[in-house]
Amino acid sequence: MSRRRFTLLPPLLTLVMTVLLLTGCATGGPEHPQTVRQALFGLGERAAERVGEAPPLPSPLTDEVLLLATPEVDAGLGVGSDRLLESLTRALLGLEQSPQVLDWQPALSRDAEANQWRLDSRLIAAGPRLALSDRTLLPYRLQLTLRRPGSDTPLWQAQLDGALDASAL
């Protein structure tokens with residue numbers, strides 16, 4: 001009987017090791033963003049970091065109010081302006097010393113306070129779709145412009161280049 005235990009142990013151990021190995025292979029592949037929120041998360045974070053470092057803005061940002069205009073978005077990217085606005089808002093509020101963030105409305109331009117800043121953003125396609133073996137990437141350029149409410153004069157501008165995973169959009 002003891003001989004039987006020894007013969008069953010190696011097949012059981014082999015089965016357990018095979019299951020663990022297959023589980024590791026199944027979860028070890030490249031991760032794809034599953035939602036638009038995840039796909040835009042990194043873009044929003046990068047944009048918020050750049051805005052937080054903008055020279056015209058005083059430090060700390062906690063007393064400042066950023067008025068976010070509705071972003072202009074290239075329709076070919078498949079990203080809604082409301083989704084980009086949500087991503088930018090969340091990322092700006094997630095900064096270590098975050099400013100107050102409000103949606104910009106034309107009425108907010110009248111009697112603007114010294115601590116208010118208007119942030120305009122424009123997301124455009126920066127090239128053709130890039131087909132990889134496991135996904136399609138959409139190159140983009142995000143243009144950020146900081147101005148005073150009621151003024152068309154840019155006080156600061158930046159652009160971010162990258163690519164979005166089309167499978168998440």
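The values are calculated or read from the model by the stated rules, or taken from the named source; none is laboratory data. Being a predicted model, the structure only gives us computed values, none of them experimental. These accessible areas exclude ligands, DNA and RNA; they are computed on the full protein's heavy atoms, side chains included. Shrake-Rupley method; radii C 1.70, N 1.55, O 1.52, S 1.80 Å.
Surface composition of the stretch 122-169: carbon plus sulfur atoms hold 46% of the accessible area, using a 1.4 angstrom probe and ignoring ligands, DNA and RNA. Accessible area per residue for the stretch 43-169, computed on protein heavy atoms with a 1.4 Å probe, is 53 Å².
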